[in-house]
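Note sheet for the following structure.
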Amino acid sequence: MGTLMIKLMKEYYPLECDIENLLKYIVGKGKKDTEKISYIGARGLSLKYKVAAEQIMIMQEALGKNKKRRIYHMIISFPANIQNDILITGFAKKVAAMIWEEHQVFYAIHNSTGNKHIHFAINAVSYKTGNKWHKSKIELTELKGRIQNIWDCLNNGIPL
């Protein structure tokens, strides 16, 4: 039912204000404050962006991993004909749980452009191992394939 566009942003978000500003943007309170949000979700974090940012920073500092890349920002965009908020919300929850099972994740579904899309902020540090998440180009391609597979299964009624 359509190929997703999956983009991992290159920014490192090394500063505490970077983390808070990204989460603030994700919930639709960025510079323009014009984002239309249909759902806000989190895994291992508060749904309040300021509290979630603080939780990420506290965990990273406690593990001594508060330098360089601190957050990953991924955007998953849907084809313009996909408008089902229930399906997209279910997909976002599955991706957060299945792809980043060892990481804190904060996300929201944006509706302000011609196509719905999800912004994910992923803590670069695993709360289970204390290790930072690193992906080679090959691993990133595999990750995108896993995300597309989750989408295809949900669209075809195949249980995950």
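Annotations for the structure displayed:
- Subset of the range 7-23 [buried (at least 17 other Cβ atoms within 10 Å of the Cβ) and not in a loop (DSSP other than H, G, I, E, B)]: 19, 20, 21, 22, 23
- Scan of the range 60-105 for residues that are touching a residue at least 40 places away in the same chain (Cβ under 8 Å), outside any helix (DSSP H, G or I), of a type in the set (A, V, I, L, M, F, W, C) and open to solvent by 20 Å² or more (accessible area, probe 1.4 Å), ordered by number: 63, 75
- Restricting the range 39-59 to residues that are over 14 Å from the mean Cα position of the chain (by Cα) and open to solvent by 50 Å² or more (accessible area, probe 1.4 Å), the residue that is nearest to residue 84 (Cα to Cα) is 48.
- Answer residue from the range 25-37, given it is farther than 13 Å from residue 117 by Cα and open to solvent by 70 Å² or more (accessible area, probe 1.4 Å) and is modelled with the lowest pLDDT among those: 33
- Pairs with Cβ under 8 Å, 6+ apart, first in the range 134-160 and within 30 Å of residue 68 (Cβ to Cβ), second open to solvent by 40 Å² or more (accessible area, probe 1.4 Å) and in a helix (DSSP H, G or I): 146/98; 150/94; 150/98
- Residue list for the range 143-160, restricted to those being closer than 15 Å to residue 97 by Cβ and part of a loop (DSSP other than H, G, I, E, B): 159, 160
- For the range 24-38, a tally of residues being within 28 Å of residue 132 (Cβ to Cβ) and assigned to a strand (DSSP E or B) returns 0.
The values are calculated or read from the model by the stated rules, or taken from the named source; none is laboratory data. Everything numeric here is computed off the predicted structure, so don't read it as measured data. Virtual Cβ from ideal backbone geometry, glycine too; neighbours counted across all protein chains shown. Note: accessible area is taken over every heavy atom of the protein model, side chains too, but ligands, DNA and RNA are not part of it. Shrake-Rupley method; radii C 1.70, N 1.55, O 1.52, S 1.80 Å.
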